[in-house]
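Derivation of every value follows stated rules applied to the coordinates shown; laboratory data play no part. All of these numbers come straight from a predicted model, not from anything done at the bench. As a convention, Cβ positions derive from the backbone with ideal geometry for all residues, glycine included, and neighbour counts pool all protein chains shown.
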Amino acid sequence: MEHPPRVPRRPFVFAGIGLLVLTVGLGLVVVLRDRVDLDEEWMSEVLGWRGPLGETVSRVFDFLGGGWFAILVVPIGVGVAFVFARRPWAALDFVLASAVAAGICQLLKAAFARSRPDEILLPLDNGSFPSGHATNAAVIAVSLGLLLRRAWVWVLGMLYLVAMSFTRTYLGAHWITDTLGGALLGAGVAFLVWCLLLPRIHRERYPEAAAKPAPDITASAAGLPGGRARGRTPHPRGGR
């Protein structure tokens, strides 16, 4: 039997809120400044790496991380997999985090209205900050890491996030700070949604612990190993 670990929610709540604050703060910085040196320098480097193979791989990531595939197929597919694994609350967590993050991302895109790089290879004209693809990748990486609690899931998730962020700049669809903002946003939402549903997620992951009866306080007070103390407590000899 797997013993359930104690997972305090407060640090994750603070982390999630902090990541969202950083997202908004970064957005304000990049839109208020006419030029961000990091963005310009990174874009000039990436342009020198462009080639047929890199563009093909980047377009595959473009398909995986956006459009109907990312919005519908990935959340529904992962949700159905969790349901078949008898983890419906984990399914709800993943779908809810994906939907909330996507909604907030679109609101921030409209609010900041940052222009995309001139070197873009895709027909996109909506706001550049934050990156929707990076947001989606961060939700996948962090949510699955929290729900499955396996080191290899975290490693693969972080590699996927880095690859997605790189390909977005490779295609000129985003500045590097756009992908950073998306990563912060997706991770923050994933933490907060997980914290919201943590009691339910914990009970469905460890059903044996949830079904274990609470210790008998009366028996403990009487010094008995178990069960409920019955009858009157005997008086010491010689007492009235």
Packing rank of 74-83, 139-148, where each peptide gets the mean count of other beta carbons within 10 Å, highest leading: 139-148, 74-83
Backbone N within the range 122-154 under 20 Å of label point (7 Å from Glu45 Cα along the Cβ vector): 131, 134
18 Å reach of a label modelled at Ser115, 7 Å along Cα-to-Cβ, counting backbone N of the range 27-50: 28-44
Environment charge of Glu40, counting only residues whose C-beta is closer than 15 Å and scoring Lys/Arg +1, Asp/Glu -1: -4
